[in-house]
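Inspection log for the structure reproduced underneath, given as structure tokens.
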Amino acid sequence: MSGVENSRAAAAYVSPAAIVSLVIAAVPLLFILFTSVDGRGLSPEAFENLLSSTLFRRSLYTTIEISVSASLISLVLGYAVALHLARQSPRRRALYMVLVLLPFWTSILVKSYAFTVILGREGVINSLLSWVSGSHIALPMILNRFGVMVGMTNYLTPFIVFPVLASLLAIDPALYRAADIMSARPMRIFFTITLPLSLPGVMAGVSSVIVMSLGFFIIPALLGGRQDVMLANLVDFYTRETLDWNMAAAIGVLLLAMVVLLSAPALWIRRNRLVGST
Amino acid sequence: MEEGLMSECDNSSPVARLSRRRLLRSIGGGAALSLAAPFVLRHGRAEAASKNLVFVTWGGTYRSSVEEGLIKPFMAETGINVTVIDTPDLAKVKAQVTTGNVEWDVFDAPGAMGTAGSKAGYWEPLSSSLFDASDLSIAATADLVPFYTFAGGIAYDPKRYPEGKYPKNFAEYFDAKAFPGRRTFRNRPSETLEAALLADGVPPSKIYPLDVDRAFKALDRIKPSVAKWVDSTPQTITLLQTNEVDFSYSYASRVRTTGVTGAGMAFSFAQTLNGLEYLAVLKNAPNKENALKFVSYALQPARQAAVMELLGNTPVSKKALPMLSADTRKWLPDMSFDQNLIMDEMWWSDNFEKLSRRFKEWVLT
């Protein structure tokens, strides 16, 4: 196929999706931008109000803190799961994948309520601990940061597992055999072969997980304490309670800017790697 | 009366406005409108011809009570088909009214939502000929009619806290030394600031205008004991049932239904904060005539009695009160008792936005 035909074919495949996303994503997005500057008023007032508001600054700080720590915990847990899955035979891997997919497919609302049953003061874990120890134990595990972390890592871990597993499976087994013949220890094999070669998966996983956690809403509302207010909760507050849509839109724009800032380096690294490998 | 947490899932955010408006224009009506009437209806007349009505109310057992006591008899008597939608949301009203795509007719509005809507001009004016003004215990405004009052107060588990061990009134609710335990409060200034002032010794008759600084100072005392600032009403009960908190700020009607399910929680009638629920008709509602008929119907003493018997709230119709069963009347506060407060929704309509922000900042720090 010549280059022109190729790009024509590509246009035919891509344009329906491009048109749809233009209509359902770009148009509303422009509208948000429009609202954030008070329509034709073109006033930066909402942004000024936000940046000078304690409420916004605190929520921003909490959002970053929660997103980064939830992503790191998910990375550690998800990487371990992916590593284990990669070592199984394809048949067993398929079986174990169901265990990852099942919570992944469950509604986030259902999972959050389930965690209140499991982690509550009279919940499964505390009852078990009380029964084992013989005394009444009521560890506070929800309505605080711990609850938010459990809920979020539970949700985010599969998003690490899938891309990391894909990278791990793409590693040529011959490399492991070679390392083994050279009598490298498992730790060394991990740090010189497995980890560097799985980095694209890690990058993809971590960037999507951070981007997702920036917009979390239900989990902090249900499992969090009074200080676990994230930016999405603030958007809800301005949209529904004070009906101040300029402020809500301004937060939306700032959130989007953060996402773009975060994904830019990831994209850049990925492109450079691709260019480097060809 | 409540803000359902679920409602965020189906919020029509401002984002959805433009694309939806375009879509509706281009297909000349849209799915939501087609169930009501032809496109032209949006611009005026002809409402009387329609046999439909969209009523927005609260979900769960609340909804089934309203359906049983009000909507079914209304449909049978008038032949008008009522579509019930869950979770009144003022943000959606704003979206509908400001874009001119009004899909809802009657709105079941808790006090502050109702008056905020009034102030923003989202409701149709209501004629006083729709109801018997002398029968109403609370006067209607130009665009809102009262539907009932609900009682907020202290809920507890009588199995864990027998007589004398639980706080009975707000002064005791704020006394963490005498009554140690984790508490809840609503994650909003309305109700919470009133409770704080009552706790601080302000008599109910002198609460408004609120001494906001004094209220926040009183709240500072209770802050360490509040385990959860509750967003959705059902949580005021579930947190109590799962022993996540010891005492909860909840509602008599909600506590009453725990008796039905056998998990019997109890409610202290020693002091209650009474809020008002309104009915409002959306500005340029597609089925305005039917909406007015419905509002008028909902205020008839017999209908009031039938719905409140199921809901467990206090009817605004004076004639309806004696029609309620003795068992239901047990769950209604005695409004002649001077420790009970009736909330001033008008005061809140002027102050809610500003205080909401201050309140959220206070919660975070």
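The values are calculated or read from the model by the stated rules, or taken from the named source; none is laboratory data. The structure presented is a predicted model; accordingly, all values stated were derived computationally and were not measured. In this analysis, Cβ positions are derived from the backbone assuming ideal geometry, glycine residues included, and neighbour counts consider all displayed protein chains. Heads up: the accessible areas ignore ligands, DNA and RNA and are worked out on the full protein's heavy atoms, side chains in. Shrake-Rupley method; radii C 1.70, N 1.55, O 1.52, S 1.80 Å.
Values for this structure:
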{"item": "Residues located in the range A:166-192, provided they are hydrophobic (A, V, I, L, M, F, W, C), within 17 Å of A:L85 (Cα to Cα) and buried (at least 17 other Cβ atoms within 10 Å of the Cβ)", "result": "A:L168"}
{"item": "Conditions (1) open to solvent by less than 10 Å² (accessible area, probe 1.4 Å); (2) within 27 Å of A:I118 (Cα to Cα); number of the one not met by B:V260", "result": "(1)"}
{"item": "Checking B:I237 against (1) within 19 Å of B:L311 (Cβ to Cβ); (2) open to solvent by 50 Å² or more (accessible area, probe 1.4 Å); (3) in contact (Cβ under 8 Å) with a residue 40 or more places away in the chain, the condition it does not meet", "result": "(2)"}
{"item": "Output for the range A:42-54, where each listed residue is farther than 16 Å from A:G252 by Cβ and facing another protein chain (nearest Cβ under 10 Å)", "result": "A:T54"}
{"item": "Single condition B:D213 does not satisfy, out of (1) assigned to a helix (DSSP H, G or I); (2) open to solvent by 10 Å² or more (accessible area, probe 1.4 Å); (3) closer than 19 Å to B:A270 by Cβ", "result": "(3)"}
{"item": "Given (1) more than 26 Å from A:A221 (Cα to Cα); (2) touching a helix residue (DSSP H, G or I) at 6+ places or on another chain (Cβ under 9 Å), index of the condition B:S128 fails", "result": "(2)"}
{"item": "Residue in the range A:146-163 that is at pLDDT below 95 and open to solvent by 60 Å² or more (accessible area, probe 1.4 Å) present", "result": "no"}
{"item": "Residue in the range A:86-107 that is within 14 Å of chain B (Cβ to nearest Cβ), assigned to a loop (DSSP other than H, G, I, E, B) and either at pLDDT 95 or above or surrounded by fewer than 19 Cβ atoms within 10 Å (Cβ to Cβ) (or both) present", "result": "yes"}
{"item": "Qualifying residues in the range B:217-234 (those that are assigned to a helix (DSSP H, G or I) and open to solvent by 10 Å² or more (accessible area, probe 1.4 Å)) - the one farthest from B:A155 (Cα to Cα)", "result": "B:K217"}
{"item": "Condition broken by B:G259, with the remaining ones in (1) touching a residue at least 12 places away in the same chain (Cβ under 8 Å); (2) assigned to a helix (DSSP H, G or I) satisfied", "result": "(1)"}
{"item": "Subset of the range A:40-56 [over 22 Å from the mean Cα position of the chain (by Cα) and surrounded by 13 or more Cβ atoms within 10 Å (Cβ to Cβ)]", "result": "A:S43, A:P44, A:E45, A:A46, A:F47, A:N49, A:L50, A:L51, A:S53, A:T54, A:L55"}
{"item": "Residue selected from the range A:202-229 under the condition free of Cβ contacts under 8 Å to residues at least 60 places away in the same chain and in a helix (DSSP H, G or I), by the criterion farthest from the chain's Cα centre (by Cα)", "result": "A:A221"}
{"item": "So B:S248, is it of a type in the set (S, T, N, Q) and surrounded by 20 or more Cβ atoms within 10 Å (Cβ to Cβ)", "result": "yes"}
{"item": "Restricting the range A:223-247 to residues that are hydrophobic (A, V, I, L, M, F, W, C) and at the interface with another protein chain (Cβ under 7 Å from one of its Cβ atoms), the residue that is nearest to A:E65 (Cα to Cα)", "result": "A:V229"}
{"item": "Search result, residues across the range B:306-354 that are within 13 Å of chain A (Cβ to nearest Cβ) and either modelled with pLDDT of 95 or more or surrounded by fewer than 20 Cβ atoms within 10 Å (Cβ to Cβ) (or both)", "result": "B:S349, B:N351, B:E353, B:K354"}
{"item": "Residue match in the range B:94-111 (condition: away from chain A (no Cβ under 14 Å), open to solvent by 20 Å² or more (accessible area, probe 1.4 Å) and part of a loop (DSSP other than H, G, I, E, B))", "result": "yes"}
{"item": "The range B:66-90, residues that are within 30 Å of B:S349 (Cβ to Cβ), modelled with pLDDT of 95 or more and out of contact with any strand residue (DSSP E or B) (no Cβ under 6 Å at 6 or more places or on another chain)", "result": "B:E67, B:G69, B:L70, B:F74"}
